[in-house]
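**Student:** Dropping a structure here in structure tokens format, bear with me for questions.
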Amino acid sequence: VMNAEIDLQQIIENTMVLVLAGGQGSRLKALTETRAKPVLEFGSHCRIIDFPLSNCVNSGLNQIAVLTQYKSQCLIRHLMQHWGTLNNSFGGRLDILPASQQQSESWYQGTADACFQNIDYIKSRAPKYVMILSGDHVYQMDYRKLLAEHVKNGAEMTVSCIEVPTKNAANQLGVLSADSKGRVTAFDEKPCKPHPLLDAPEYCLASMGNYVVNAEVLYRLLKADAKALESDHDFGKNVIPNIIEQHKVFAHRFRGADGCQIPYWRDVGTIDSYWRAHMDLLNNSDMLNLADPSWPIWGSALSSAPTQIRGGTQKGQCDLNQILIGTGCQLTNCRIHHTVLSSNCAIGDGASLQGCALLPDVTIEAGAKLKNVIVDKGVTVPANLAIDDINIAKHFGFSVSEKGVVLITQQVIDSFADVEIYFDVPQKSTSVSPIRPMHSELSTRNIVRTHVPSALNER
């Protein structure tokens with residue numbers, strides 16, 4: 001008789017992983033105009049897709065295929081450069097499956113269709129179990145528990161879920177109900193009034209977009225869905241709701257290591273949620289810890305250079321508090337509070353950052369002042385520019401989220417050229433002062449002329 005550990009190892013060896021990474025991420029606005037959401041930088045050293053891939057490797061799962069579609073060039077490059085070594089380093093295999101019209105003349109129409117169009121590839125790998133993962137969520141999870149529970153329950157399909165406040169799930173997430181044994185009894189995709197938990201009415205069970213399906217069952221489900229003309233060919237919208245009565249579909253509740261704490265999981269699909277997840281790195285490191293040696297996120301540091309922290313022309317010192325700094329950064333006599341800096345960021349003399357998330361290769365020139373902003377990759381913020389108020393940000397033409405997070409892009413900054421307007425600058429100052437648009441409510445001190453965005457005059 002084999003023990004449980006050997007059984008689990010056999011289950012792992014018989015499992016193939018499909019990571020769905022074709023998301024457009026349109027709610028992230030300019031951040032995903034040229035790249036797929038899963039390859040968007042996160043934290044100081046990694047991409048969003050590094051989370052599910054790291055979870056796989058840490059769980060011992062190394063037979064992986066990534067399905068790509070929307071503007072996938074950057075994603076494919078990242079996978080080749082930083083995950084291509086999966087074959088050598090972890091004894092596994094990583095394949096990249098771009099949308100290539102294998103089963104029809106269409107691109108991937110939904111999550112189920114993406115799997116159906118690669119059904120011949122899946123069969124060629126001859127798995128017993130297929131794990132289907134979303135490629136655009138931030139979390140740390142041991143998939144072995146999901147697999148073990150799937151087999152223990154004799155399930156045909158298992159949906160990984162997490163307890164979330166009903167107000168957060170409404171119109172945003174798939175919500176399911178399950179009986180006392182964990183069998184799914186109902187599944188609604190993004191309901192306006194999610195069905196609450198009986199023991200916690202303010203919470204509901206939300207689908208994480210992660211599934212385990214017996215391979216033979218999956219083939220039948222995909223073929224049936226492909227023939228359904230009215231289907232959106234999506235697991236959450238169509239496949240799961242249609243099979244819960246005839247098939248053994250179970251819910252796996254994602255739990256923390258202690259078995260009771262609600263663990264960290266975020267769908268970073270909006271500017272606000274993406275910014276908030278960065279702040280969580282600073283506030284909730286016990287729940288989301290990129291430096292956890294027992295469960296590392298195998299990111300890709302974009303620089304091998306050390307970070308430099310030094311005084312500036314005024315012989316001052318850097319004021320740093322609760323920050324995360326990537327490699328290759330250069331900080332000069334600046335003030336940085338509650339901020340995440342990705343690799344190769346340069347912060348100039350007298351600059352001030354608070355509540356910011358900077359993507360790689362950002363330059364903040366001397367005297368700039370930023371608060372509650374996301375700065376896109378490769379942006380240079382001009383000297384003395386102050387974006388610390390949403391009204392100012394809107395005047396300059398920057399995108400401002402519902403909760404007041406400002407997205408700073410190079411395109412808007414480049415529109416600043418060749419337009420003159422008056423600015424209010426302190427008359428007697430020994431330090432570099434932030435430039436602000438002059439409003440009637442501001443006191444007039446020393447007025448200078450400078451170049452500012454054309455958006456100011458247009459608005």
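The values are calculated or read from the model by the stated rules, or taken from the named source; none is laboratory data. Owing to the predicted nature of the structure, the values given are computational and were not obtained by experimental measurement. Cβ coordinates were reconstructed from backbone atoms using ideal geometry, including for glycine residues, and neighbour counts include every protein chain displayed. For accessibility, only protein heavy atoms count, side chains too; no ligands or nucleic acids. Shrake-Rupley method; radii C 1.70, N 1.55, O 1.52, S 1.80 Å.
**Student:** For Ser54, state whether it is farther than 24 Å from Ala99 by Cβ and surrounded by 21 or more Cβ atoms within 10 Å (Cβ to Cβ).
**Tutor:** no
**Student:** Here's a check for you: in segment 278-297, which residue that is of a type in the set (A, V, I, L, M) and open to solvent by 50 Å² or more (accessible area, probe 1.4 Å) is nearest to Ile325 (Cα to Cα)?
**Tutor:** Step by step, filter segment 278-297, then rank; the result is Ala291.
**Student:** Consider segment 303-336. How many of its residues are farther than 16 Å from Leu358 by Cβ, open to solvent by less than 60 Å² (accessible area, probe 1.4 Å) and at pLDDT 90 or above?
**Tutor:** The total comes to 1.
**Student:** Does any residue in segment 126-144 that is in contact (Cβ under 8 Å) with a residue 12 or more places away in the chain and assigned to a strand (DSSP E or B) come within less than 9 Å, Cβ to Cβ, of a residue that is among the acidic types (Asp, Glu) and surrounded by fewer than 20 Cβ atoms within 10 Å (Cβ to Cβ) six or more places away or on a different chain, and which pairs are these?
**Tutor:** Once the first residue is in contact (Cβ under 8 Å) with a residue 12 or more places away in the chain and assigned to a strand (DSSP E or B) and sits in segment 126-144, its partners that are among the acidic types (Asp, Glu) and surrounded by fewer than 20 Cβ atoms within 10 Å (Cβ to Cβ) give Val138/Asp280.
**Student:** Continuing with this model, one more query. Could you list all residues from segment 373-420 that are open to solvent by 40 Å² or more (accessible area, probe 1.4 Å) and outside any loop (DSSP other than H, G, I, E, B)?
**Tutor:** Thr380, Ile390, Asn391, Lys394, His395, Ser399, Gln410, Gln411, Asp414, Glu420
**Student:** Restricting the search to segment 214-237, which residues are closer than 23 Å to His137 by Cβ and touching an Asp or Glu at 6+ places or on another chain (Cβ under 7 Å)?
**Tutor:** Hits for segment 214-237 are His233, Gly236, Lys237.
**Student:** Further, regarding this structure: So Leu176 ticks every box in (1) crowded, with 21+ Cβ neighbours inside 10 Å; (2) touching a Leu at 6+ places or on another chain (Cβ under 8 Å); (3) of a type outside the set (Asp, Glu); (4) more than 30 Å from Leu40 (Cα to Cα) but one. Which box is left unticked?
**Tutor:** Leu176 satisfies every listed condition except (4).
**Student:** While we're here: Name the single residue that is modelled with the lowest pLDDT among those in segment 258-277 being open to solvent by 30 Å² or more (accessible area, probe 1.4 Å) and either part of a loop (DSSP other than H, G, I, E, B) or touching a Leu at 6+ places or on another chain (Cβ under 6 Å) (or both).
**Tutor:** Checked segment 258-277; the qualifying residue modelled with the lowest pLDDT is Cys260.
**Student:** Still on this structure, I have one more. With the checklist (1) touching a residue at least 40 places away in the same chain (Cβ under 8 Å); (2) buried (at least 18 other Cβ atoms within 10 Å of the Cβ); (3) assigned to a loop (DSSP other than H, G, I, E, B) in hand, flag the one item Ser300 doesn't pass.
**Tutor:** Every listed condition holds for Ser300 apart from (2).
**Student:** Still on this model: Check off (1) outside any helix (DSSP H, G or I); (2) of a type in the set (Gly, Ala, Ser); (3) without any contact (Cβ under 8 Å) to a residue 60 or more places away in the chain for Ala251 and give me the number that stays unchecked.
**Tutor:** (3)
**Student:** Please go through segment 278-302 and pick out each residue that is over 15 Å from Ser343 (Cβ atoms) and modelled with pLDDT under 85.
**Tutor:** Matches in segment 278-302: Asn284, Ser285, Asp286, Met287, Ala291.
**Student:** Just name the residue that is nearest to Ser304 (Cα to Cα) out of those in segment 353-369 that are free of Cβ contacts under 8 Å to residues at least 60 places away in the same chain and surrounded by 21 or more Cβ atoms within 10 Å (Cβ to Cβ).
**Tutor:** The residue in question is Val362.
**Student:** Identify all residues within segment 53-82 that are part of a helix (DSSP H, G or I) and under 23 Å from Ala126 (Cβ atoms); write none if there are none.
**Tutor:** Selection gives Leu53, Cys56, Val57.
**Student:** Okay, moving on. Among residues belonging to segment 68-93 that are of a type in the set (A, V, I, L, M) and touching a Ser or Thr at 6+ places or on another chain (Cβ under 9 Å), point out the one that is most open to solvent (accessible area, probe 1.4 Å).
**Tutor:** Ile76
**Student:** Something else about it: Scan segment 330-341 and tell me whether some residue there is assigned to a loop (DSSP other than H, G, I, E, B), closer than 30 Å to Leu75 by Cα and either out of contact with any Lys or Arg (no Cβ under 6 Å at 6 or more places or on another chain) or basic (Lys, Arg) (or both).
**Tutor:** For segment 330-341, residues assigned to a loop (DSSP other than H, G, I, E, B), closer than 30 Å to Leu75 by Cα and either out of contact with any Lys or Arg (no Cβ under 6 Å at 6 or more places or on another chain) or basic (Lys, Arg) (or both): absent.
**Student:** Could you say whether any residue in segment 374-391 is within 19 Å of Tyr274 (Cα to Cα), at pLDDT 95 or above, hydroxyl-bearing (Ser, Thr, Tyr) and out of contact with any Cys (no Cβ under 8 Å at 6 or more places or on another chain)?
**Tutor:** no
**Student:** Considering segment 219-248 alone, what residues qualify as being part of a loop (DSSP other than H, G, I, E, B), of a type outside the set (Gly, Ala, Ser) and within 29 Å of the chain's Cα centre (by Cα)?
**Tutor:** Selection gives Asp232, His233, Asp234.
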